[in-house]
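Step one of this worksheet: look at the structure below.
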Amino acid sequence: MNQPVIEIKDLNFTYERQRVLENIDLTIEQGSFLGLVGPNGSGKTTLLKCLLGLLKPQQGEIKLFGHQIQKFKNWHEIGFVSQKANSFNTGFPASVFEVVASGLTSRLGLFKFMTKQDRIKVYEAIEAVGLSAFAKRNIGEMSGGQQQRAFIARAIVSNPKLLILDEPTVGVDAQTVQSFYDMLLSLNKDLGITLILVTHDVGTITDKVSHVACINKHLHFHGNSKEFESLKDDEMSDFYGHSLHVLSHDHSH
């Protein structure tokens with residue numbers, strides 16, 4: 001069994017007397033690719049903020065890489081990509097290379113010159129997300145999907161062990177989404193990065209992710225994607241509070 005990257009025990013979070021997360025127990029093992037699903041307002045983003053140390057839960061504990069979150073120091077081991085980047089200022093005069101290189105500034109310090117090794121790392125991250133041909137292109141000239149890939153390259157340039165993505169395909173066209181998920185799968189398989197993907201796109205992800213967690217205030221389900229696919233529609237509707245069909249997409253690649 002792999003070492004857990006995240007261990008959450010009895011986590012509770014309340015906003016202004018409203019309980020948002022209740023008794024969450026969740027362990028995510030190294031090397032897994034977790035799809036985190038749930039309806040709007042179900043507490044997914046709150047859970048992410050707790051994991052990133054941005055919110056402090058009223059009760060329960062979180063361990064990252066075996067360390068209590070309060071004592072965790074190696075934040076460079078965790079990459080985060082928000083919903084974008086969609087609100088990104090497209091007039092910003094930076095190339096893809098410069099955007100990705102900015103992911104090293106926390107380690108380098110803002111004005112330290114990049115070494116040859118650093119430049120190689122940046123190009124490797126750009127290659128990993130399939131943007132090699134666009135390294136010198138201005139980020140504002142890229143499509144939404146390409147911009148989002150550039151932000152993922154920025155998040156992985158510092159070699160994180162865990163990458164958290166909050167609905168990264170919002171505003172990305174359907175055709176691009178499939179290749180986008182394929183790219184995430186290769187980051188998981190080829191680079192060994194543990195991934196947590198928050199998504200509404202339940203049907204599309206089941207043949208990509210290794211595990212699924214369903215949150216709607218409580219953790220209603222956590223298991224591998226095969227177990228998730230075998231859930232009955234009425235069980236899913238109970239989790240979501242409304243009717244939902246899990247579309248199992250084509251598994252042949």
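Here are a few things to note about the model shown:
- Using the Cβ-Cβ distance between A94 and N74 with R0 set to 30 Å, the FRET efficiency from 1/(1 + (r/R0)^6) comes to roughly 0.65.
- Pairwise inverse Cα distances across the stretch 129-232, averaged and inverted, put the Kirkwood hydrodynamic radius at 14.9 Å.
- For the stretch 177-234, applying the loop criterion from DSSP together with a ceiling of 12 other beta carbons within 10 Å to the trypsin sites (Lys or Arg not before Pro) yields K232.
- Footprinting exposure proxy ranking of V209, V170, fewest other C-beta atoms within 10 angstrom first, gives V170, V209.
- Approximating the spin labels as points 7 Å out from Cα along Cα→Cβ, the E124-to-K226 distance works out to 3.4 nm.
- 222 nm mean residue ellipticity, helices alone, for the chain (DSSP H n ≥ 4; -39,500 (n - 2.57); rounded to 500): -8500 deg cm²/dmol
- Here the Karplus relation 6.51 cos²θ - 1.76 cosθ + 1.60, evaluated at θ = phi - 60°, turns the backbone of the stretch 179-188 into coupling constants of 5, 5, 5, 4, 5, 4, 4, 6, 4, 5 Hz, with x for every Gly and Pro.
- Under Karplus coefficients 6.51, -1.76 and 1.60, residue-wise ³J(HN,Hα) of the stretch 160-173 in Hz, glycine/proline x: x, 8, 10, 10, 10, 10, 9, 6, x, 9, 4, x, 9, 5
- Here semi-axes √(5λ) of the Cα gyration tensor in Å was computed from the coordinates, and among [x] 36, 20, 16; [y] 30, 22, 17; [z] 33, 20, 18 the match is [y].
- The value of relative contact order for the chain, using C-alpha pairs under 8 Å at least six residues apart, is 26 percent.
- Taking amide hydrogens as placed 1.01 Å from N in the peptide plane, the amide H of Q30 sits under 5 Å from those of Q3, V5, each at least 5 positions away in sequence or on another chain.
- Förster-model FRET efficiency, 30 Å R0, N159 and E235, C-beta, rounded to 0.05: 0.15
- Extended-chain gain in nm, criterion 0.36 nm per residue less alpha-carbon gap, L191 and Q83: 36.6 nm
- For the chain, the longest principal axis of the alpha carbon atoms and the long axis of helix 116-128 meet at an angle near 50°.
- A crude spin-label estimate for the pair K116 and K9, with each label 7 Å from Cα along the Cβ direction, gives 5.0 nm.
- When Rg and the Kirkwood Rh are both derived from Cα coordinates, the Rg/Rh ratio for the stretch 120-178 amounts to 0.95.
- In the chain, a dipole from Cβ-located charges (positive for Lys and Arg, negative for Asp and Glu) runs towards its positive end, and of S210, A135, I193 it is A135 whose Cα lies farthest in that direction.
- HN-Hα J in Hz across the stretch 33-41 - Karplus 6.51, -1.76, 1.60, θ = phi - 60°, x for Gly and Pro: 10, 9, x, 9, 10, x, x, 4, x
- The region of the chain that goes longest without hitting one of the chymotrypsin sites (Phe, Trp or Tyr not before Pro) in a DSSP loop, each with at most 12 other Cβ atoms within 10 Å, is 114-253.
- Footprinting exposure proxy ranking of K56, K63, fewest other C-beta atoms within 10 angstrom first, gives K56, K63.
- As a proxy for reagent exposure, ranking E29, E16 by other Cβ atoms within 10 Å from fewest up yields E16, E29.
Bear in mind these aren't lab numbers, they're just calculated from the coordinates by the rules spelled out. Quick caveat: nothing in here was measured; it's all calculated off a predicted structure. FYI the Cβ positions are ideal-geometry reconstructions off the backbone, even for glycines, and counts take in every protein chain you see.
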